[in-house]
Amino acid sequence: MGKNNLMQKMMAMCREAFADGQRVGQQQTFDAVMIYLHRNGWGTQRILKLHAGTNGVMEEYAPAFFAGMEQDINQERMDRELRDALKGAEGFCAFAERYPEVKTVGYDKLPKTK
């Protein structure tokens with residue numbers, strides 16, 4: 001029982017550390033984008049609208065990052081929308097290439113391992 005409890009605590013700590021890192025990385029990116037846009041003449045309301053809209057997109061695609069029955073569907077939707085936005089620009093990478101750390105379950109497969 002003691003070992004299982006320790007393992008559960010360790011896994012919870014890992015999940016919390018991952019979530020903390022994700023939040024810091026996202027905030028760092030938002031901060032840099034807002035500063036860049038301000039330097040390029042964007043006004044406050046336009047920046048805030050972008051920030052709110054980006055948060056909405058992040059919430060919409062959150063299921064693409066977490067194991068679940070529709071994880072792979074959300075990843076494909078995200079890729080399709082990015083391909084459309086980039087209009088065939090060189091350098092597009094599929095979700096699995098952009099996020100190799102994200103383990104995808106899908107409908108009939110186990111999570112990928114390194």
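Here, each number is a calculation from the coordinates, and none is a lab measurement. All values reported here derive from a predicted model rather than from experimental measurement. With ideal geometry, Cβ positions are generated from the backbone for all residues, glycine too; neighbour counts draw on all protein chains shown.
A Cβ distance below 6 Å, combined with a sequence gap of six or more or placement on separate chains, defines the contacts here; from the range 84-104, residues that are closer than 16 Å to TYR61 by Cβ reach residues that are in a helix (DSSP H, G or I) and among the polar types (S, T, N, Q) in the pairs PHE95/GLN75; THR104/GLN71. Restricting the range 68-101 to residues that are surrounded by 13 or more Cβ atoms within 10 Å (Cβ to Cβ) and of a type in the set (A, V, I, L, M) leaves a set whose member that is farthest from ARG15 (Cα to Cα) is LEU82.
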